[in-house]
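Below is one structure, written out as structure tokens, with a few remarks after it.
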Amino acid sequence: MASMVATKFRNALIKLRRKQRSITSPLIRRISPYKELTIHTETHLLKFHGFRDDYITHRISSTKEFYELPMLSFIRDRYGTGGTYIDAGAFIGNHTLFFSSVCEATKVIAIEPNTESFRLLSKNVESSGLDSITPLNVAVGAKVGKASSEVVDLLNLGMNEIVNDPDGDLQVRTIDEIAGSDDVKLIKIDTEGWCGQVISGASDLIERCHPVIAAEPKPESVESIDALLLPRGYARVGEFNRTPTYIYEWNGSE
């Protein structure tokens, strides 16, 4: 009986979220037109766009710097240049553009599930002139499947939640499948509650490459992320940002 009630509740919740998405997508286009952003690096003048009323756009516009720059600078200084990066939850491309331009990445796979955000991400990648970036409009999780995505805060459009939904219109892939045989240097994960699933779907890559992992789990999930990574020989070597992101580095022992 309890399982039947739970199933009915889940189905009702999925329908409600689909209806919410049908309302919020046009609303995003109407109330948040794009705003041009400019960042100067040592080697590039980057002109790209953000959603006008979005928090991250406001921060970049006011500081004229990459969002979450202290963490990004730490990554650049500690791990150097070159290599393949995966940006899971790329949003408008802030971290992606940093990895490609400042870290001089050989390849950046920028993954963004939300349709509106992906449209802007693709526009920003194209206008940047950086040819190392491959944008993908999918979600990443523990296994291949289907899901739905919705914005939970219209003033912080990077906060998209993914919900498992067998009838959803969003494809879910795994990092292992996407990366293939690539020797991945770093995985950045900002997936609003799916951090553990993303790591589970990157198990083969983690064992093969031991990439640096920059993970932003929800506060209640930090211990579960530690439980996934610390037994594999990882250690936390940094904590950054307003919503904490932890840098995990393989220390060579398991």
- line: dims of the range 99-254, Cα set, principal axes, largest to smallest, nearest Å -> 42, 34, 31
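Rounded to the nearest 20 debye, what is the charge dipole size of the range 66-250 about its Cα centre when +1 sits on each Lys and Arg Cβ and -1 on each Asp and Glu Cβ?
Numbers: 15 positive and 28 negative charges, 82 e Å.
About 400 debye.
Which entries in the list LYS47/LYS107; LYS47/LYS123; LYS107/LYS188; LYS143/LYS218; LYS123/LYS143; LYS185/LYS218 go over 22 Å, if you measure between the two C-alpha atoms of each?
LYS123/LYS143; LYS185/LYS218
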- request: Count the DSSP beta bridges whose two residues both fall in the range 66-250, then state the antiparallel fraction as a percent rounded to the nearest 5.
  value: 45
statement: Taking a crude spin-label model, label points 7 Å out from Cα along the C-beta direction, the ASP53 to TYR34 distance in nm is 1.9
task: Can you tell me the relative contact order of the range 66-250? Whole percent, Cα pairs under 8 Å, sequence separation 6 or more.
output: 18
field: Chain lengthening between LYS123 and ASP183 when straightened (0.36 nm per residue, less Cα-Cα)
entry: 18.9 nm
message: For the range 35-84 and the range 203-254, what is the centre-to-centre distance using only Cα atoms, to the nearest Å?
response: 23
task: Report the local net charge at SER100: Lys and Arg +1, Asp and Glu -1, summed over other residues whose C-beta lies under 11 Å from its C-beta.
output: -2
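We did not get these values from a lab; they are worked out from the coordinates using the rules stated. Everything quoted here is computed from the prediction, not taken from an experiment. Quick reminder, even Gly has a Cβ in these numbers, built from the backbone with ideal geometry, and neighbours come from all protein chains shown.
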